[in-house]
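Values quoted throughout were computed directly from the atomic coordinates according to the rules given, and no laboratory measurement underlies them. Since the model is a prediction, treat every value here as computed from it, not as a measurement. Cβ placement follows ideal geometry from the backbone for every residue including glycine, while neighbour counts extend to all protein chains displayed.
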Amino acid sequence: KKAGGQDAKDKQDPKKAAAAADDAPVMVKLVPSSAQLKQAVTILKGTGKKISVFQGTPIFQAQGLTMRQGNDDRQYIPLFFTKQDLEAAWAEMRKGNPTMSPTPRIEVGSFEEVLKRMEEAESSEWSRVVFFAPKETMDFL
């Protein structure tokens, strides 16, 4: 027996280990950056709210920003974890419609509150919400 009480024949085949890893759930911990927390506070203060610290994970939405997926005719509502990603999506949408405002009207909420509302919703309105991971995170992956 080898150290740890395993026989050499008990070791898992590397191909089987890789396949098992592919099937394993991916754990994600959402930790907002201080820059995004500050952006959220700034936006909320701009709407007249008296706030100094944002509670939760900020999620950004632009009024009027919707998208379609594939051949689906439904309009989806994109929500972003960074203000910069939202602004980039807005700029991309403006390319096809230059009469749009150059700056989006940004709303901010908490990811946790959105999830809560999605769970409690009796209508399908919340099924149109699509979350966009930060570009920086996707570039890393």
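What is the calculated FRET efficiency for E107 to Q84, with r their C-beta to C-beta distance and R₀ = 25 Å, to the nearest 0.05? Could you put the intermediate results ahead of the total?
Numbers: r = 16 Å, r/R0 = 0.63.
The pair E107/Q84 has a calculated efficiency of 0.95.
Across segment 92-104, in residue order, what do the Karplus-derived ³J(HN,Hα) couplings come to in whole Hz, using 6.51 cos²θ - 1.76 cosθ + 1.60 with θ = phi - 60° and x for Gly and Pro?
5, 5, 5, 4, x, 8, x, 7, 5, 4, x, 10, x
Stretch A91-K38 to full length: gain in nm at 0.36 nm per residue minus the Cα-Cα span? Working shown, then result.
Details: separation 53, 0.36 × 53 = 19.08 nm, distance 2.21 nm.
That works out to 16.9 nm of additional length.
Return the distance in nm (one decimal) between the two label points of a simple spin-label model at M118 and A133, each offset 7 Å from Cα along Cα→Cβ.
1.4
Cα gyration tensor of segment 39-135, axes a ≥ b ≥ c as square roots of the eigenvalues: rounded (a/c below 1.5), prolate (a/b > b/c) or oblate?
The shape class here is oblate.
Using θ = phi - 60° and the Karplus relation 6.51 cos²θ - 1.76 cosθ + 1.60, list the HN-Hα couplings for segment 42-51 in order, rounded to whole Hz, with x at every Gly or Pro.
4, 5, 5, 4, x, 9, x, 6, 8, 9
Among the listed pairs K50/K116; K29/K83; K50/K95; K38/K116, which are separated by more than 31 Å between their Cα atoms?
K50/K95
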